[in-house]
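Q: One structure follows; several queries about it will come next.
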Amino acid sequence: MPDISVRIADIKFQNPFLLASGILDENGYTIRRILNEGAGGAVTKSIGAEERTGYIPPVVVPLDDGLLNAVGLPNPGIDGFANEMKISLEAGKPVIGSVFASNADEFIKLCRKMENYGAHAVELNLSCPHVKGFGSEVGSDPDLVEEIVNSLKSEIKIPVFAKLSPNVTDIIRIAEAAGKCDAFVLINTVRGMAIDIAARKPVLSNRVGGLSGHAVKPVGIRAVWDVFENFDKPIFGVGGIENVQDAVEYIMAGAGALQIGTAVYSHGRGIFSKISTELASYMEKEGFNSIEEMRGLAHR
């Protein structure tokens, strides 16, 4: 059978399918369970300096082809996440610590703690579309992105992954600013809204949320394609991956590994083992020996 393992920034993943940040990754037990059930790695929920309760419900709107959510980055704070990391790492697979902050100094403090907790890498949430002062508000400022990434690369030893937003005018400009990162993560959710016509008001308590799921796959593939064309750097493809065809599209666009989030909600935890098996079968049928042979193939 073909080898479906991948190596990103010297981290080896048994398969290219990671649990994306924000889905069943708020505590160590669920992360460990998903890793044991087939995920090649996991990204934690985005963790900040202090505990956040998030927004009041409703915070999620199920759609025919995805989810619209604005949960508000609820998390226990970095000091309260140490034991969750410890439990997660018991699975013996890579765990990436996702963090969010508003400035470089705070990012450094968070990433140092994630490094001390044993995270294999950190993922910078520069792209959450619905929390004021964090996420895409930070990630749409090229100068701030450059300061954050460059500062982290000089302060911590583990790899730094930059999760970029599709809600910007020019994603290449932001990628250039984050150019010293060890890998790009593309993409986060797309800003959107839903209206309750009976109540005559927005459904989400925050009004604006992030659209995820199959509906955003073309946006994610386009972002991966553009960044692959301009940078010689590993890419994690994220957004709307539900089956092997979706995965292969992302890989041929330039992704070396993939993250799955909303599909866990719609298809269950077994999606990681299922799609891994299907990818190996596809590669054997098509004569590919490794994922690297497929990566970026659509550009050739």
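Q: For region 1-48, please list each of the strands (runs of 3 or more DSSP E) lying entirely inside it that holds at least 1 residues being aliphatic (A, V, I, L, M) and farther than 19 Å from ASN188 by Cβ.
A: Once the strands (runs of 3 or more DSSP E) in region 1-48 are filtered for at least 1 residues that are aliphatic (A, V, I, L, M) and farther than 19 Å from ASN188 by Cβ, what remains is 6-8, 11-13.
Q: Given the conditions (1) under 28 Å from SER154 (Cβ atoms); (2) touching a Gly at 6+ places or on another chain (Cβ under 8 Å), and given that ASP105 satisfies all but one, which numbered condition is not satisfied?
A: Just one mismatch for ASP105, condition (2).
Q: Out of the residues in region 141-178 meeting the condition of being buried (at least 19 other Cβ atoms within 10 Å of the Cβ) and small (Gly, Ala, Ser), tell me which one is farthest from the chain's Cα centre (by Cα).
A: Checked region 141-178; the qualifying residue farthest from the chain's Cα centre (by Cα) is ALA177.
Q: Tell me, please, whether a residue that is of a type in the set (Ser, Thr, Tyr) and either more than 23 Å from GLY210 (Cβ to Cβ) or touching a strand residue (DSSP E or B) at 6+ places or on another chain (Cβ under 7 Å) (or both) can be found in region 48-66.
A: No.
Q: Working carefully through the options ASN69, ASN75, find the one that is within 30 Å of VAL203 (Cβ to Cβ), in contact (Cβ under 8 Å) with a residue 60 or more places away in the chain and among the polar types (S, T, N, Q).
A: From the options ASN69, ASN75, the qualifying one is ASN69.
Table: residues versus (1) crowded, with 20+ Cβ neighbours inside 10 Å; (2) under 25 Å from PRO2 (Cβ atoms); (3) touching a Phe, Trp or Tyr at 6+ places or on another chain (Cβ under 8 Å).
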site	(1), (2), (3)
ARG222	no, no, no
MET252	no, yes, no
THR262	yes, no, no
MET294	yes, yes, yes
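Q: Next up: Are any residues in region 30-48 polar (S, T, N, Q), under 19 Å from GLY80 (Cα atoms) and either modelled with pLDDT under 95 or surrounded by fewer than 24 Cβ atoms within 10 Å (Cβ to Cβ) (or both), and if so, which ones?
A: Scanning region 30-48 gives a single hit, THR30.
Q: Looking at region 84-125 only, could you name the residues that are more than 16 Å from VAL185 (Cβ to Cβ), in contact with a strand residue (DSSP E or B) (Cβ under 6 Å, 6 or more places away or on another chain) and of a type in the set (D, E, K, R)?
A: LYS93
Q: Another question, if that's okay. Any idea which of ILE241, ILE235 is within 15 Å of the chain's Cα centre (by Cα), under 18 Å from ILE271 (Cα atoms) and not charged (D, E, K, R)?
A: Going through ILE241, ILE235 in turn, the sole match is ILE241.
Q: Would you call LYS45 basic (Lys, Arg), in contact (Cβ under 8 Å) with a residue 24 or more places away in the chain, under 24 Å from ARG269 (Cα atoms) and in contact with a strand residue (DSSP E or B) (Cβ under 9 Å, 6 or more places away or on another chain)?
A: yes
Q: Give GLY54, GLY80 a once-over and let me know the one that is under 22 Å from GLU137 (Cα atoms) and not in a strand (DSSP E or B).
A: GLY54
The values are calculated or read from the model by the stated rules, or taken from the named source; none is laboratory data. In this text the structure is predicted, and so the values were computed from the model without any measurement. When we count neighbours, we look across all protein chains shown, and the Cβ atoms used for this are built from the backbone with ideal geometry, even at glycine.
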